[in-house]
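**Student:** Before I ask anything, let me first share the structure, which is written out below as C-alpha coordinates.
The values are calculated or read from the model by the stated rules, or taken from the named source; none is laboratory data. It should be emphasised that the depicted structure is a prediction, and the values quoted were computed from it without experimental measurement. Note that we place each Cβ from the backbone using ideal geometry, even for glycine, and neighbour counts take in every protein chain shown. Please note that ligands, DNA and RNA were not included when accessible areas were found on the heavy atoms of the full protein model with its side chains. Shrake-Rupley method; radii C 1.70, N 1.55, O 1.52, S 1.80 Å.
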Amino acid sequence: MEGESVELATRDICLKKNTLLKNTYRIKNVISCSELSIVYTGRHAKSGDIQIIKEYFPKALVLRDLDDKTVLCRLPSSKGKYYELMESFFNEATIIKELCHKNIVRYIDHFEENGTGYIVMEYYPGKTLDRYIEEKEVSMTAFFNKTLLPLMDALDFIHKKGIIHRDIKPENILISTDGQPILIDFGSAIYYKNDPKHKIFTTPGFSPLEFYSEKSKLGRYSDIYSLAATLYYYLSGRAPLDVSERLIEDRIKNVRHYNRDVTPLLSSVIMWGLSVNYKKRCYSLKLFKIAFYLEHLLRRIKKFMNV
(Lines give C-alpha, C1' and ligand atoms only; values in the text may rest on other atoms or scores of the structure.)
Protein backbone atom coordinates (compact mmCIF):
# COMPACT_ATOMS: atom_id res chain seq x y z
CA MET A 1 0.00 0.00 0.00
CA GLU A 2 1.69 3.13 -1.13
CA GLY A 3 1.38 6.44 0.66
CA GLU A 4 -0.54 9.14 -1.20
CA SER A 5 -0.35 12.91 -0.88
CA VAL A 6 -2.68 14.26 1.78
CA GLU A 7 -3.65 17.93 1.89
CA LEU A 8 -1.95 19.98 4.59
CA ALA A 9 -5.31 20.97 6.08
CA THR A 10 -6.09 17.28 6.51
CA ARG A 11 -2.68 16.49 7.96
CA ASP A 12 -3.42 18.84 10.85
CA ILE A 13 -5.98 16.39 12.23
CA CYS A 14 -3.73 13.35 11.83
CA LEU A 15 -1.46 11.75 14.39
CA LYS A 16 2.06 13.11 14.30
CA LYS A 17 4.96 11.06 12.99
CA ASN A 18 6.52 8.78 15.65
CA THR A 19 3.38 8.83 17.84
CA LEU A 20 3.44 5.56 19.82
CA LEU A 21 0.24 3.54 20.16
CA LYS A 22 -0.27 0.73 22.68
CA ASN A 23 3.48 1.02 23.42
CA THR A 24 3.86 -1.12 20.30
CA TYR A 25 3.06 0.67 17.04
CA ARG A 26 4.84 3.84 15.93
CA ILE A 27 3.16 6.08 13.33
CA LYS A 28 5.17 6.73 10.16
CA ASN A 29 3.13 8.35 7.38
CA VAL A 30 -0.44 9.25 6.50
CA ILE A 31 -1.82 7.23 3.58
CA SER A 32 -5.39 8.50 3.31
CA CYS A 33 -8.16 10.27 5.17
CA SER A 34 -11.90 9.64 4.72
CA GLU A 35 -14.98 10.96 6.50
CA LEU A 36 -14.78 8.16 9.09
CA SER A 37 -11.14 7.17 9.43
CA ILE A 38 -7.46 7.97 8.87
CA VAL A 39 -5.06 5.35 7.53
CA TYR A 40 -1.34 5.37 8.33
CA THR A 41 1.73 3.29 7.79
CA GLY A 42 3.34 2.35 11.08
CA ARG A 43 6.24 0.32 12.40
CA HIS A 44 6.23 -2.29 15.16
CA ALA A 45 8.42 -0.93 17.95
CA LYS A 46 10.19 -4.26 18.58
CA SER A 47 10.19 -6.21 15.31
CA GLY A 48 10.47 -3.18 13.02
CA ASP A 49 7.80 -4.62 10.70
CA ILE A 50 5.84 -2.08 8.67
CA GLN A 51 2.08 -2.25 9.20
CA ILE A 52 -1.13 -0.46 8.28
CA ILE A 53 -2.89 1.36 11.12
CA LYS A 54 -6.46 2.55 10.68
CA GLU A 55 -7.74 5.13 13.18
CA TYR A 56 -11.41 5.78 13.83
CA PHE A 57 -11.89 9.51 13.27
CA PRO A 58 -15.36 10.67 12.11
CA LYS A 59 -14.43 14.22 11.09
CA ALA A 60 -17.93 15.68 11.39
CA LEU A 61 -18.22 14.59 15.04
CA VAL A 62 -14.75 14.98 16.57
CA LEU A 63 -11.61 17.05 16.90
CA ARG A 64 -8.06 16.36 18.04
CA ASP A 65 -7.13 17.54 21.54
CA LEU A 66 -4.10 19.73 22.29
CA ASP A 67 -1.95 16.66 23.07
CA ASP A 68 -2.20 15.79 19.34
CA LYS A 69 -3.47 12.30 20.21
CA THR A 70 -6.75 12.31 22.12
CA VAL A 71 -10.00 12.40 20.15
CA LEU A 72 -12.87 14.46 21.58
CA CYS A 73 -16.51 14.78 20.53
CA ARG A 74 -17.33 18.31 19.37
CA LEU A 75 -20.70 18.18 21.15
CA PRO A 76 -21.85 16.11 24.16
CA SER A 77 -25.03 15.29 22.23
CA SER A 78 -23.00 13.49 19.52
CA LYS A 79 -21.44 10.92 21.86
CA GLY A 80 -24.17 8.36 21.21
CA LYS A 81 -23.64 8.57 17.47
CA TYR A 82 -19.87 8.51 17.95
CA TYR A 83 -19.88 5.23 19.88
CA GLU A 84 -22.44 3.70 17.54
CA LEU A 85 -20.13 4.39 14.60
CA MET A 86 -17.13 3.10 16.57
CA GLU A 87 -18.91 -0.24 16.98
CA SER A 88 -19.33 -0.36 13.19
CA PHE A 89 -15.65 0.55 12.81
CA PHE A 90 -14.56 -2.40 14.95
CA ASN A 91 -16.85 -4.66 12.94
CA GLU A 92 -14.14 -4.58 10.24
CA ALA A 93 -11.60 -5.99 12.72
CA THR A 94 -14.04 -8.73 13.79
CA ILE A 95 -14.55 -9.76 10.18
CA ILE A 96 -10.96 -9.73 8.89
CA LYS A 97 -9.79 -11.55 12.03
CA GLU A 98 -11.89 -14.49 10.85
CA LEU A 99 -10.58 -14.40 7.27
CA CYS A 100 -7.28 -16.19 6.76
CA HIS A 101 -6.65 -16.18 3.02
CA LYS A 102 -3.57 -15.18 1.02
CA ASN A 103 -5.63 -12.77 -1.11
CA ILE A 104 -7.34 -11.00 1.81
CA VAL A 105 -5.70 -8.35 3.99
CA ARG A 106 -4.37 -9.97 7.18
CA TYR A 107 -5.57 -8.88 10.62
CA ILE A 108 -2.91 -8.15 13.27
CA ASP A 109 -4.54 -6.27 16.17
CA HIS A 110 -7.27 -3.87 17.26
CA PHE A 111 -7.67 -1.79 20.42
CA GLU A 112 -9.07 1.37 22.00
CA GLU A 113 -6.79 4.22 23.01
CA ASN A 114 -6.83 8.05 23.05
CA GLY A 115 -10.63 8.01 23.21
CA THR A 116 -10.89 6.25 19.85
CA GLY A 117 -10.18 2.93 18.13
CA TYR A 118 -7.45 1.43 15.96
CA ILE A 119 -7.15 -1.55 13.62
CA VAL A 120 -3.71 -2.89 12.67
CA MET A 121 -3.27 -4.88 9.46
CA GLU A 122 -0.45 -6.28 7.39
CA TYR A 123 1.32 -3.92 5.01
CA TYR A 124 1.55 -4.94 1.35
CA PRO A 125 3.83 -2.96 -0.95
CA GLY A 126 2.06 -2.46 -4.26
CA LYS A 127 -0.60 -0.42 -6.05
CA THR A 128 -4.37 -0.42 -6.13
CA LEU A 129 -5.88 -1.98 -9.25
CA ASP A 130 -6.98 1.34 -10.79
CA ARG A 131 -3.42 2.70 -10.62
CA TYR A 132 -1.96 -0.63 -11.70
CA ILE A 133 -4.10 -0.61 -14.86
CA GLU A 134 -3.25 3.03 -15.61
CA GLU A 135 0.49 2.60 -15.22
CA LYS A 136 1.05 -0.84 -16.70
CA GLU A 137 -0.09 -2.68 -19.81
CA VAL A 138 -1.82 -5.81 -18.53
CA SER A 139 -2.79 -8.48 -21.04
CA MET A 140 -6.27 -9.93 -20.69
CA THR A 141 -4.89 -13.45 -20.21
CA ALA A 142 -2.46 -12.33 -17.48
CA PHE A 143 -5.17 -10.29 -15.77
CA PHE A 144 -7.58 -13.23 -15.67
CA ASN A 145 -5.00 -15.75 -14.46
CA LYS A 146 -2.97 -13.66 -12.01
CA THR A 147 -5.60 -11.24 -10.72
CA LEU A 148 -9.17 -12.25 -11.43
CA LEU A 149 -9.14 -15.96 -10.58
CA PRO A 150 -7.37 -15.48 -7.19
CA LEU A 151 -9.74 -12.58 -6.47
CA MET A 152 -12.77 -14.77 -7.17
CA ASP A 153 -11.32 -17.47 -4.91
CA ALA A 154 -11.05 -14.88 -2.12
CA LEU A 155 -14.64 -13.75 -2.73
CA ASP A 156 -15.90 -17.32 -2.72
CA PHE A 157 -14.05 -17.85 0.59
CA ILE A 158 -15.71 -14.89 2.33
CA HIS A 159 -19.14 -15.77 0.89
CA LYS A 160 -18.90 -19.26 2.36
CA LYS A 161 -18.30 -17.56 5.73
CA GLY A 162 -21.65 -15.76 5.31
CA ILE A 163 -19.92 -12.42 4.62
CA ILE A 164 -20.26 -10.00 1.72
CA HIS A 165 -17.67 -7.27 1.14
CA ARG A 166 -20.10 -4.58 -0.12
CA ASP A 167 -17.39 -2.32 -1.53
CA ILE A 168 -15.56 -4.20 -4.28
CA LYS A 169 -13.98 -1.72 -6.68
CA PRO A 170 -10.53 -1.15 -8.22
CA GLU A 171 -9.45 1.09 -5.31
CA ASN A 172 -10.07 -1.75 -2.85
CA ILE A 173 -8.04 -4.35 -4.74
CA LEU A 174 -4.32 -4.07 -4.10
CA ILE A 175 -1.86 -5.65 -6.52
CA SER A 176 1.21 -6.58 -4.49
CA THR A 177 4.73 -6.44 -5.90
CA ASP A 178 4.61 -10.19 -6.59
CA GLY A 179 1.44 -9.69 -8.69
CA GLN A 180 -1.07 -11.14 -6.22
CA PRO A 181 -4.40 -9.35 -5.68
CA ILE A 182 -5.20 -8.46 -2.06
CA LEU A 183 -8.79 -7.57 -1.18
CA ILE A 184 -8.72 -4.68 1.31
CA ASP A 185 -11.08 -2.33 3.20
CA PHE A 186 -13.76 -4.45 4.86
CA GLY A 187 -15.31 -1.39 6.53
CA SER A 188 -18.64 -1.99 4.78
CA ALA A 189 -18.65 -5.80 5.07
CA ILE A 190 -21.49 -7.57 6.87
CA TYR A 191 -22.72 -11.03 7.77
CA TYR A 192 -25.52 -10.77 5.25
CA LYS A 193 -27.61 -13.67 6.59
CA ASN A 194 -27.79 -12.23 10.11
CA ASP A 195 -28.09 -8.52 9.33
CA PRO A 196 -31.59 -7.68 8.00
CA LYS A 197 -30.91 -3.94 8.38
CA HIS A 198 -27.64 -2.42 7.22
CA LYS A 199 -26.09 1.00 6.82
CA ILE A 200 -25.97 2.44 3.32
CA PHE A 201 -22.54 2.47 1.67
CA THR A 202 -22.37 3.14 -2.06
CA THR A 203 -19.78 3.86 -4.73
CA PRO A 204 -21.09 5.35 -8.02
CA GLY A 205 -20.87 2.82 -10.82
CA PHE A 206 -19.85 -0.10 -8.60
CA SER A 207 -22.77 -0.51 -6.18
CA PRO A 208 -25.90 -2.50 -7.04
CA LEU A 209 -29.38 -1.10 -6.49
CA GLU A 210 -29.90 -3.02 -3.25
CA PHE A 211 -27.04 -1.09 -1.58
CA TYR A 212 -29.15 2.08 -1.74
CA SER A 213 -31.64 0.83 0.87
CA GLU A 214 -31.19 -0.15 4.52
CA LYS A 215 -33.87 -2.83 4.30
CA SER A 216 -33.18 -4.42 0.90
CA LYS A 217 -32.23 -8.06 0.63
CA LEU A 218 -28.48 -8.52 0.16
CA GLY A 219 -26.61 -11.61 -0.96
CA ARG A 220 -23.64 -12.97 -2.88
CA TYR A 221 -25.19 -11.55 -6.03
CA SER A 222 -24.57 -8.06 -4.58
CA ASP A 223 -20.79 -8.58 -4.61
CA ILE A 224 -21.09 -10.18 -8.07
CA TYR A 225 -22.51 -6.89 -9.39
CA SER A 226 -19.49 -5.01 -8.03
CA LEU A 227 -17.10 -7.63 -9.43
CA ALA A 228 -18.74 -7.32 -12.86
CA ALA A 229 -18.44 -3.52 -12.60
CA THR A 230 -14.72 -3.89 -11.80
CA LEU A 231 -14.25 -6.08 -14.88
CA TYR A 232 -16.19 -3.55 -16.94
CA TYR A 233 -13.79 -0.88 -15.70
CA TYR A 234 -10.73 -2.96 -16.56
CA LEU A 235 -11.98 -3.76 -20.08
CA SER A 236 -13.47 -0.37 -20.98
CA GLY A 237 -11.37 2.09 -18.97
CA ARG A 238 -14.44 3.56 -17.26
CA ALA A 239 -16.94 2.67 -14.54
CA PRO A 240 -20.33 1.45 -15.78
CA LEU A 241 -23.28 3.85 -15.74
CA ASP A 242 -24.47 4.22 -12.15
CA VAL A 243 -27.46 2.05 -11.27
CA SER A 244 -29.48 5.12 -10.17
CA GLU A 245 -29.38 6.34 -13.79
CA ARG A 246 -30.56 2.99 -15.17
CA LEU A 247 -33.93 2.65 -13.44
CA ILE A 248 -36.31 4.33 -15.89
CA GLU A 249 -34.36 3.62 -19.07
CA ASP A 250 -31.34 1.35 -18.93
CA ARG A 251 -28.88 3.05 -21.27
CA ILE A 252 -25.76 1.20 -20.11
CA LYS A 253 -23.49 0.41 -23.04
CA ASN A 254 -22.25 -3.13 -23.55
CA VAL A 255 -18.58 -3.44 -22.65
CA ARG A 256 -17.87 -4.47 -26.29
CA HIS A 257 -18.89 -0.95 -27.31
CA TYR A 258 -15.60 0.22 -25.79
CA ASN A 259 -13.43 -2.85 -26.40
CA ARG A 260 -14.00 -5.07 -29.45
CA ASP A 261 -11.42 -7.56 -28.16
CA VAL A 262 -13.97 -8.73 -25.61
CA THR A 263 -15.79 -11.78 -26.95
CA PRO A 264 -19.61 -11.95 -27.01
CA LEU A 265 -19.42 -14.74 -24.41
CA LEU A 266 -17.45 -12.72 -21.87
CA SER A 267 -19.37 -9.50 -22.48
CA SER A 268 -22.67 -11.37 -21.96
CA VAL A 269 -21.57 -12.69 -18.58
CA ILE A 270 -20.31 -9.25 -17.47
CA MET A 271 -23.54 -7.54 -18.53
CA TRP A 272 -25.54 -10.32 -16.85
CA GLY A 273 -23.61 -9.58 -13.66
CA LEU A 274 -24.60 -5.91 -14.03
CA SER A 275 -28.36 -6.57 -14.12
CA VAL A 276 -30.23 -3.95 -12.09
CA ASN A 277 -32.70 -6.52 -10.73
CA TYR A 278 -30.80 -8.95 -8.52
CA LYS A 279 -33.28 -11.71 -9.42
CA LYS A 280 -32.14 -11.48 -13.04
CA ARG A 281 -28.45 -11.19 -12.20
CA CYS A 282 -25.73 -13.81 -12.46
CA TYR A 283 -25.97 -15.52 -9.08
CA SER A 284 -22.82 -17.66 -8.96
CA LEU A 285 -19.07 -17.06 -9.09
CA LYS A 286 -18.78 -20.54 -10.63
CA LEU A 287 -20.58 -19.31 -13.73
CA PHE A 288 -18.14 -16.40 -13.95
CA LYS A 289 -15.22 -18.81 -13.65
CA ILE A 290 -16.60 -21.09 -16.38
CA ALA A 291 -16.99 -18.09 -18.69
CA PHE A 292 -13.40 -17.00 -18.05
CA TYR A 293 -12.00 -20.46 -18.63
CA LEU A 294 -13.92 -20.69 -21.91
CA GLU A 295 -12.69 -17.21 -22.82
CA HIS A 296 -9.11 -18.31 -22.16
CA LEU A 297 -9.64 -21.45 -24.27
CA LEU A 298 -11.15 -19.49 -27.16
CA ARG A 299 -8.20 -17.09 -27.14
CA ARG A 300 -5.70 -19.95 -27.20
CA ILE A 301 -7.53 -21.58 -30.12
CA LYS A 302 -7.66 -18.27 -31.99
CA LYS A 303 -3.95 -17.71 -31.39
CA PHE A 304 -3.16 -21.25 -32.58
CA MET A 305 -5.26 -20.81 -35.74
CA ASN A 306 -3.43 -17.59 -36.57
CA VAL A 307 0.03 -19.16 -36.26
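**Student:** If you count only protein heavy atoms with a 1.4 Å probe, what accessible area per residue comes out for the range 220-307, rounded to a whole Å²?
**Tutor:** Working: 5080 Å² over 88 residues.
Accessible surface, normalised per residue, equals 58 Å².
**Student:** Computed over the Cα atoms, what is the radius of gyration of the range 21-122 divided by 2.2 N^0.38 Å, N being its residue count? Mind showing how you got there, number by number?
**Tutor:** On the way: Rg = 13.9 Å, N = 102, 2.2 N^0.38 = 12.8 Å.
Compactness ratio reported: 1.09.
**Student:** To continue, here is another question. Is the C-alpha gyration tensor of the range 248-291 telling us rounded, prolate or oblate? Criteria: a/c under 1.5 is rounded; beyond that, a/b larger than b/c is prolate, otherwise oblate.
**Tutor:** On the way: a/c = 3.75, a/b = 1.02, b/c = 3.66.
It is oblate, given that a/c is not under 1.5 and a/b is not larger than b/c.
**Student:** Given all pairs of different Cα atoms, what value in angstroms does the Kirkwood hydrodynamic radius of the range 100-148 take? Write down the numbers at each step before the final one.
**Tutor:** Values: mean 1/r = 0.0729 Å⁻¹.
This gives a value of 13.7 Å.
**Student:** If you don't mind, there's one more thing I want to ask. Counting only the backbone N, which residues of the range 283-307 are under 14 Å from the spot 7 Å out from the Cα of T141 toward its beta-carbon?
**Tutor:** 293-307
**Student:** Over 28 Å apart: what share of the alpha carbon pairs of the chain falls there, rounded to a whole percent?
**Tutor:** Details: 20222 of 46971 pairs.
Of all Cα-Cα distances in the chain, 43 percent exceed 28 Å.
**Student:** Sticking with this one: Might you work out the accessible area of T19 for me, using a 1.4 Å probe with all protein chains in place, and round it to the nearest 10 Å²?
**Tutor:** Using a 1.4 Å probe on the heavy atoms, I get roughly 20 Å².
**Student:** Looking at the range 76-192 from every direction and averaging, what is the projected area of its Cα convex hull in nm²?
**Tutor:** Numbers: hull surface 34.2 nm².
Result: a mean projected hull area of 8.6 nm².
**Student:** In this model, which of K127/K161; K160/K215; K199/K279 are farther than 25 Å apart at the alpha-carbon? List each step's numbers first, then the result.
**Tutor:** Working: K127/K161 27 Å; K160/K215 22 Å; K199/K279 22 Å.
Distance filter (> 25 Å) returns K127/K161.
**Student:** Can you give the direction-averaged projected area of the convex hull of the alpha-carbon atoms in the range 221-304, in nm²? It would help to have the intermediate numbers written out before the result.
**Tutor:** Numbers: hull surface 21.5 nm².
Approximately 5.4 nm², given one-decimal rounding.
**Student:** Send over the semi-axes of the range 193-269's equivalent ellipsoid, whole angstrom and largest first, taken as the square roots of 5 times the C-alpha gyration tensor eigenvalues.
**Tutor:** On the way: eigenvalues 133, 35, 20 Å².
Each semi-axis is the square root of five times an eigenvalue, giving 26, 13, 10 Å.
**Student:** Assuming R0 = 45 Å, what is the FRET efficiency of L294 and S77, from their Cβ-Cβ distance, to the nearest 0.05? Intermediate values should be presented prior to the final figure.
**Tutor:** Working: r = 58 Å, r/R0 = 1.29.
Approximately 0.20, to the nearest 0.05.
**Student:** Whole number please: convex hull volume per residue, Cα atoms of the range 266-306, in Å³. Don't jump to the answer; show the numbers that get you there.
**Tutor:** Values: hull volume 2.0 nm³, N = 41.
Considering the Cα atoms of the range 266-306, their hull volume per residue is 48 Å³.
**Student:** Something else: So if I place +1 on the C-beta of Lys and Arg and -1 on the C-beta of Asp and Glu, and nothing else carries charge, what would the dipole magnitude of the chain be about its Cα centre? I want it in debye, nearest 20. Spell out each step's value before the answer.
**Tutor:** On the way: 47 positive and 38 negative charges, 186 e Å.
It works out to roughly 900 debye.
**Student:** As a test of the formula, what do you get for the chain when each DSSP H run with n ≥ 4 contributes -39,500 (n - 2.57) and the sum is divided by the residue count, at 222 nm and rounded to the nearest 500 deg cm²/dmol?
**Tutor:** Mean residue ellipticity at 222 nm (helix-derived): -9500 deg cm²/dmol.
**Student:** Something else about it: With a 1.4 Å probe and all protein chains kept in place, how do R300, R131 rank by accessible area, largest first?
**Tutor:** On the way: R300 160, R131 70 Å².
Result, largest first: R300, R131.
**Student:** Moving to a separate point now. Largest first and in whole Å, give the semi-axes of the range 153-293's equivalent ellipsoid, each being the square root of 5 times a Cα gyration tensor eigenvalue. Show your work: numbers first, answer last.
**Tutor:** Working: eigenvalues 99, 73, 40 Å².
Square roots of five times the eigenvalues give 22, 19, 14 Å.
**Student:** If I compute solvent accessible area with a 1.4 Å probe over the protein chains, what percent of it on the range 166-307 is carbon and sulfur? Mind dumping the intermediate values first?
**Tutor:** Numbers: 4060 of 7410 Å².
C and S atoms contribute 55 percent here.
**Student:** Per residue, how much accessible area does the range 152-215 show when a 1.4 Å probe rolls over the protein heavy atoms, in square angstrom? Let's see the in-between values first.
**Tutor:** On the way: 2570 Å² over 64 residues.
Accessible area per residue, the range 152-215: 40 Å².
**Student:** How many Lys pairs in the range 21-114 lie less than 23 angstrom apart by Cα atoms, where the lysines are 8 or more positions apart or on different chains?
**Tutor:** Close lysine pairs under the 23 Å cut-off: 22.
**Student:** Next question. Can you check what the net charge comes to around Q51, using other residues whose Cβ is under 9 Å from the Cβ of Q51 (Lys, Arg +1; Asp, Glu -1)?
**Tutor:** On the way: positive: R43; negative: D49, D109, E122.
Local net charge: -2.
**Student:** Below 8 Å between Cα atoms, with a sequence gap of 6+, how large is the relative contact order for the chain in percent?
**Tutor:** Details: 500 pairs, mean separation 34.0, N = 307.
11 percent.
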